[in-house]
Amino acid sequence: MICSGRYEGSRGALRLSLPFVPGTMFESLQQTLGEALKRLRGRGRLTEANIRDAMQDVRRALLDADVHHQVVETFLTRVTEKSVGQTVLRSIDPGEQILKCVYDELVALMGPVDTALPAARKDRPAIVMLCGLQGQGKTTTAGKLALTAKQAGRKPMLVAADLQRPAAMEQLRLLGEQIDVPVYLELGQIDASGNRIGGPGAVEICKTALARARDRGCDLIILDTAGRLHVAEMPMEELRQIDRVVGPDHVYLVCDALTGQDAVNSAQAFNEALELNGVILTKMDGDARGGAALSIKEVTRVPIKFLGMGEKLDRLEEFRPEGMAQRILGQGDILSLIDKVSRVQSEISDEEREKQQKKLEEGSFNLNDFRKQLDMLKKMGPAKDLINSMPGMSQLMPAGQDPEQSIRRIQGIIDSMTRRERADPDEIDYDRRLRIARGSGTRAEEVKQLLTQFEMMRNVMRAMAKMSMLERIKMMSGMSKMGAFMPGAKIVSKGDTGHRKSPRERAEDRKKKKR
Amino acid sequence: MLGALWRKLKAGLARTRDLFAGIAGLFTGKGRVDENFIKELERRLLAADLGAGPTAELVDQVKRDFRDREAGEDLKSMVREKLRQMLGDDDRSLRIAASGPTVILVAGVNGSGKTTTIAKLASLFHRNGKKVVVAACDTFRAAAVEQLGIWADRIGCDIVRAQHGTDPASVAHDACEKAKARGADIVIVDTAGRLHTQTHLMKELEKIQRVLGKQIPGAPHEALMVLDATNGQNAIAQAEQFGKVIGGTGIVLTKLDGTAKGGAIFSIKARTGLPVKYVGVGETIEDLEPFDADAFVAALFD
């Protein structure tokens, strides 16, 4: 019956509408998507043509989130490819469905995550080198990483290899003090105006630090290197030299979430010079949507490892692609939405429908299956639209009563039956009916009515299963017309004996009832 | 006036020519305004962090007025004119108090370049023979006071500082006292970097501003937000919030070069009216230039 892939007719499907916060600069993507896709609801399948407008909205959202424009284009092509051909589900807005595709793709692109810090080698501590432009948060991140490592039972040491920024070394020393982690630094000579003169260079410092760390029994050293304002001015040669001489196990790029289109340029340059192993995205405690995460991942293929979530040193979190995807899309409550869409998608999957169809044809369709059908119905769309498309269903619905409520009532009745009763409704006699009625808060007549209706439905469906599509449609329209002529009329059923009862049989029935 | 900014921007561009060409290359006068042209124009505007909204607006206008016409000088001057208009014609000079010290409050998100900008401003005034006091109100970040101290030493200006963790408003208070006592011309107040979403820290900023006003009438005369030119669309939210809280008078755009074009200032101007007053174009202490809207738009083009 019923859900053979045609979900026509729409009218106000259930929508999860998220609150739009006035004054925020980004409109809820879901809301705009909803607008673009309104026409689409109940239109069968997503096609390239009918999702074009929606993709424009997604594009806008990604650009607003500072995803690099070229990354946006390739991303949209991929999402379009994946969405096209999907069946439009009725209980979810097509916008939500597309959003789910976008979200899934974002998660896939930004994952998987491996936040393990490198293990110490036999002969030396593990080495992590941080690099990045000025003001991204390298020094603070170095402190955070050290604390994270320490809390995981490691023995870290911080190395001040930023000889450029005034007081950078002092900053690292203070951070080390706060978390009780040793800091290696060589202040060198300071002249009258605070400039560092003489003293060993950054490469030398890193080398000595490694030896010191080994002596002290540290198993991890974290190198805080110098930044520059622009990537073109970065002392890449110095960084490459440290890389060559000290041989870090991991090199992490520190980049802040506020960064715009320029993120790819610097990420690319650092990756070419140093071969990055990971990215740490900082300043994530603000309201920047952090599209840079996607851009950098896409361009360098290097995983994002951690997020800096505040200035305090314990504010380093492991990266979660799900959270990031949510953030890029600017959706507070996307997870529940995603859950809903995937649940519905799997439950009314083609497979499940085929199973039901087969049961119908075999005539083994029972109340268990019926109950499942009702569930599906509820998920597929508002009941009142669907009832007319189910043979016999409209007769089950009393006039003037909310169909959703009626379905709940029917489900209640079925739920009050034992498993055996559901599997074989013919077993249900008067006593059982009474029990079921009590259990579901209905009257015994209602239970009886449901059972007769179900029996009728089953016969109709069994017949329909053998019909061609055309015959089915004819029959369905006939059924609903019948319903229209008898609004709310109860079908007086005589049970399915297949013949008129003789006066004697009726008398026996009466006797049975009295007993 | 195409000074150091212009040269720097050109230099930056030369390095990254293959990554990003400017917009001007499009208007050769040979091609027509077709789908490809529109796409390319859009791509370049987006690459400059102009943002999806303003880009769409501009591209739509080009589509409307120039479709299938020649992509030549007409179109070029239209786009240039339009961009230039978006930046407005504000008075970009710093407001100086008629009498008594002029107070300049500087705020911005972490790592945007506040301390360096303050050093550059202090140096600029110092070189012009003004007596400058800097107030180290970033009492939060480790070694921030030391960092400003080193700059103050290099420049040779006064600094008012306090213990790590001191209420920054009290440092601001002391700096005003000192400035009045010593007859200083300029007080520049450094503040801790904060994200505009941190309500308690924004309240702290309000307090600093209040204290300044009580100490010196009309202070702060300038409330500048420091904006990192590599920032994307979040810059708009920053400008809105900081502008509101400190009663912003302008923006200092830092870290500007050939690839980071700071296109967010177009939206910022439209939304908040805040003009860019200065640009930071390099790491040396002289690398601060008054903002030149014509040069800025020209740099987008070349």
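The values are calculated or read from the model by the stated rules, or taken from the named source; none is laboratory data. What you are looking at is a predicted structure, and each value in this text was computed from that prediction instead of being measured. Please note: Cβ atoms are built from the backbone with ideal geometry, for glycine as well, and neighbour counts cover all protein chains shown. In case anyone asks, the SASA skips ligands and DNA or RNA and just uses the protein heavy atoms, side chains included. Shrake-Rupley method; radii C 1.70, N 1.55, O 1.52, S 1.80 Å.
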- prompt: Once the dipole of chain B is set up with Lys and Arg at +1 and Asp and Glu at -1 on Cβ about the Cα centre, which of B:THR284, B:GLY213, B:GLY262 lies farthest towards its positive end?
  reply: B:GLY213
message: Compute the helix-to-body angle for B:199-215: its Cα long axis versus the longest principal axis of chain B, expressed 0 to 90° and rounded to tens.
response: 60 degrees
- prompt: If one computes the Cα centroid of the range B:142-177 and of the range B:193-211, what distance in Å separates the two points?
  reply: 18 Å
query: How high is the FRET efficiency between A:ILE197 and A:THR87 when r is their beta carbon distance and R₀ equals 60 Å, given to the nearest 0.05?
result: 0.25
message: Using amide H atoms built in the peptide plane, which far-off residues or other-chain residues are under 5 Å from B:VAL134 H to H?
response: B:ASP158, B:ILE159, B:VAL160, B:ILE188
- line: In terms of the alpha carbon gyration tensor, root eigenvalues a ≥ b ≥ c, rounded if a/c is under 1.5 and otherwise prolate when a/b exceeds b/c or oblate, the range B:217-294 is oblate
- request: Apply the Karplus parameterisation 6.51 cos²θ - 1.76 cosθ + 1.60, with θ equal to phi minus 60°, to every residue of the range A:155-163 and state each ³J(HN,Hα) to the nearest whole Hz, in sequence, with x for glycine and proline.
  value: 10, x, 9, 9, 10, 8, 9, 9, 9
Qualifying aspartates and glutamates (Cα of each under 20 Å from Cα of A:LYS358; at least 8 residues distant if same chain): A:GLU347, A:ASP350, A:ASP369, A:ASP375, A:ASP424, A:GLU455, A:GLU471
task: Working from Cα positions, state the angle (0 to 90°, nearest 10) between the long axis of helix B:234-246 and the longest principal axis of chain B.
output: 40 degrees
task: Considering only protein heavy atoms, with the full assembly of protein chains and a 1.4 angstrom probe, order A:ARG315, A:ARG214 by accessible area, largest first.
output: A:ARG214, A:ARG315
query: Rank A:MET129, B:MET78 by accessible area, highest first, at a 1.4 Å probe radius?
result: B:MET78, A:MET129
- request: Could you work out, residue by residue across A:228-236, how many beta carbons of other chains sit within 10 Å of that residue's beta carbon, and then give the average as an integer?
  value: 6
query: Can you put B:HIS221, B:HIS164 in order of accessible area, largest first, using a 1.4 Å probe?
result: B:HIS164, B:HIS221
message: I'd like the residues of the range B:227-261 whose 1.4 Å-probe accessible area shrinks by no less than 30 Å² going from the isolated chain to the full set of protein chains.
response: B:THR230, B:ASN231, B:GLN233, B:ASN234, B:LYS255, B:ASP257, B:THR259
message: Nearest 100 Å² is fine: what is the total accessible surface buried where chains B and A meet, probe 1.4 Å?
response: 4000 Å²
message: In whole Hz and in residue order, list the ³J(HN,Hα) couplings for the range A:171-185 that follow from phi through the Karplus curve 6.51 cos²θ - 1.76 cosθ + 1.60, θ = phi - 60°; x for Gly and Pro.
response: 4, 5, 4, 5, 5, x, 4, 4, 10, 6, 10, x, 10, 9, 8
Cα-projected label distance for A:GLU177 with A:THR418, points at 7 Å along beta-carbon direction, nm: 7.9 nm
- request: Evaluate the distance, in nm, between pseudo-label points positioned 7 Å from the Cα of A:LYS207 and of A:ARG504 along their respective Cα→Cβ axes.
  value: 11.6 nm
- prompt: Given springs between every Cα pair under 10 Å in a Gaussian network model of chain B, which of B:GLY183, B:GLY108, B:GLY280 has the largest fluctuation?
  reply: B:GLY183
message: Taking 20 Å as the cut-off for C-alpha to C-alpha distance, list the pairs among B:LYS255/B:LYS277; A:LYS138/B:LYS255; A:LYS138/A:LYS283; B:LYS130/B:LYS207 that go past it.
response: B:LYS130/B:LYS207
- prompt: Considering only DSSP states other than H, G, I, E and B, which GluC sites (Glu not before Pro) in the range A:198-276 qualify as loop sites with at most 16 other Cβ atoms within 10 Å?
  reply: A:GLU275
query: How high is the FRET efficiency between B:GLN85 and B:HIS164 when r is their beta carbon distance and R₀ equals 35 Å, given to the nearest 0.05?
result: 0.15
field: Interchain or long-range residues, amide H under 5 Å from B:ILE251's placed H
entry: B:MET225, B:VAL276, B:LYS277, B:TYR278
- request: List every residue whose amide H lies under 5 Å from the amide H of B:GLN233, counting only residues 5 or more places away in sequence or on a different chain, with H placed 1.01 Å from N in the peptide plane.
  value: A:ASP66
- line: Computed over the range A:114-329, protein heavy atoms only, probe 1.4 angstrom, the accessible area per residue in square angstrom equals 35 Å²
- prompt: Just in the range A:280-314: which trypsin sites (Lys or Arg not before Pro) are loop by DSSP and have at most 14 other Cβ atoms within 10 Å?
  reply: A:ARG301, A:LYS312
- line: The pairs in B:LYS39/B:LYS269; A:LYS150/B:LYS261; A:LYS100/A:LYS155; A:LYS82/B:LYS76 lying past 32 Å Cα-Cα in this model are A:LYS150/B:LYS261; A:LYS100/A:LYS155; A:LYS82/B:LYS76
task: Heads up, I need the accessible area for A:LEU145: 1.4 angstrom probe, whole protein in place, Å², nearest 10.
output: 0 Å²
- request: Using label points projected 7 Å from each Cα along Cα→Cβ, tell me how many nm separate A:GLU272 and B:ASN36, to one decimal.
  value: 2.6 nm
HN-Hα J in Hz across the range B:108-118 - Karplus 6.51, -1.76, 1.60, θ = phi - 60°, x for Gly and Pro: x, 6, 4, x, 7, x, 4, 4, 5, 4, 5
- prompt: Quick one: length gained pulling A:ALA444 to A:ARG214 fully straight, 0.36 nm per residue minus the C-alpha distance?
  reply: 74.5 nm
- prompt: With axes computed from alpha carbons, what is the tilt in degrees of helix B:4-15 against the longest principal axis of chain B, rounded to the nearest 10 within 0 to 90?
  reply: 50 degrees
